[in-house]
Amino acid sequence: MFNGTLFKMKVVEKSEDRFLFEVSFDPSHEVFKGHFPQRPVVPGVLLMQAVRECFEDATGVGGKMITAGDLKFTNPVVPGEPVMIEVSSVNRGEGVFMIKSRGFSGDTAYFKINFELK
């Protein structure tokens, strides 16, 4: 949905249930003109969407609904600076996946986002 326009993602590692992506948000995208234009940061809802798209890209599995369970933002993600997104999943059956993710760069932790995708 937003990969290639709002952000670009690149697979760094991929195994059966764990994926690592490098994601960079385009600082010239329209969304950042209204989200703190003097010092833009990536909104949490867009980080959640990036996690979803990383999972869907890695697995080929798509869902219709996200149920947020646990969101923790510890540092702002700045557009233009790459962030590593690690995603793991558990198939709960009947098309339901528990997605766990974290965003980081080196020793800096940006977020932990966990949700169900149905």
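Every read-out reported here was derived from the displayed coordinates using simple, explicitly stated rules and does not represent laboratory data. Bear in mind the structure is a predicted one, so any value in this text is a computation, not a measurement. Because the Cβ atoms are built from the backbone with ideal geometry, glycine has one as well, and the counts that use them run over all protein chains shown.
Can you classify segment 1-49 as rounded, prolate or oblate using the Cα gyration tensor, where a ≥ b ≥ c are the square roots of its eigenvalues, rounded means a/c under 1.5, and otherwise it's prolate if a/b beats b/c and oblate if not?
prolate
Net charge near T5, counting Lys/Arg +1 and Asp/Glu -1 over other residues with Cβ under 13 Å of its Cβ?
Numbers: positive: K8; negative: D26, E30, E53.
Taking every Cβ under 13 Å from that of T5, the sum is -2.
Rounded to the nearest 500 deg cm²/dmol, what is the calculated helix-only ellipticity per residue at 222 nm for the chain, with -39500 (n - 2.57) per DSSP H run of length n ≥ 4?
My calculation for the chain gives -5000 deg cm²/dmol from helical runs alone.
Once phi is turned into θ = phi - 60°, what whole-Hz ³J(HN,Hα) does the Karplus curve with 6.51, -1.76 and 1.60 give for every residue of segment 22-33, x standing for Gly and Pro?
Once θ is set to phi - 60°, the couplings for segment 22-33 become 9, 10, 10, 8, 6, x, 8, 5, 3, 4, 7, 6 Hz.
To the nearest 20 debye, what charge dipole does the chain have about its Cα centre, counting +1 at the Cβ of each Lys and Arg and -1 at the Cβ of each Asp and Glu? Provide the component values of the computation, followed by the final result.
Numbers: 14 positive and 15 negative charges, 51 e Å.
Using only the charged Cβ atoms, the result is roughly 240 debye.
Could you pull out the chymotrypsin sites (Phe, Trp or Tyr not before Pro) across segment 1-88 that fall in loop regions by DSSP (anything but H, G, I, E, B) with no more than 10 other Cβ atoms inside 10 Å? Numbers along the way, then the final one.
On the way: sites: F2, F7, F19, F21, F25, F32, F55, F73; in loops: F2.
Here no chymotrypsin sites (Phe, Trp or Tyr not before Pro) fit, given the DSSP loop and packing criteria.
Taking the Cβ of F111 as the center, what net charge do the other residues with Cβ under 13 Å away carry, scoring Lys and Arg +1 and Asp and Glu -1? All intermediate terms of the calculation are to be shown ahead of the outcome.
On the way: positive: K72, K100, R102, K112; negative: D70, E86.
Its environment carries a net charge of +2.
If each residue of separation counts as 0.36 nm, what is the full-extension length gain between E22 and S105 once their alpha-carbon separation is subtracted? Intermediate results must be reported in sequence, preceding the final value.
On the way: separation 83, 0.36 × 83 = 29.88 nm, distance 0.94 nm.
That works out to 28.9 nm of additional length.
Rounded to a whole number, what is D in µm²/s for the chain from Stokes-Einstein with the Kirkwood radius over alpha-carbon pairs (10 °C, 1.306 mPa s)? Before the final figure, lay out the partial values.
Details: Rh = 14.4 Å.
It diffuses with D of about 110 µm²/s by this estimate.
If you fit an axis through the alpha-carbon atoms of helix 44-59 and take the longest principal axis of the Cα set of the chain, what angle between them do you get, 0 to 90°, nearest 10?
40
For V31 and L71, calculate 0.36 nm times their separation in residues minus their Cα-Cα distance, and state this gained length in nm to one decimal. Could the numbers behind the result be given before it?
Values: separation 40, 0.36 × 40 = 14.40 nm, distance 2.12 nm.
Gain in length upon complete extension: 12.3 nm.
In segment 1-76, what GluC sites (Glu not before Pro) fall in a loop by DSSP, with at most 13 other Cβ atoms inside 10 Å?
Values: sites: E13, E16, E22, E30, E53, E56; in loops: E16, E30.
In loop regions of segment 1-76 (DSSP not H, G, I, E or B), the sparsely surrounded GluC sites (Glu not before Pro) are E16, E30.
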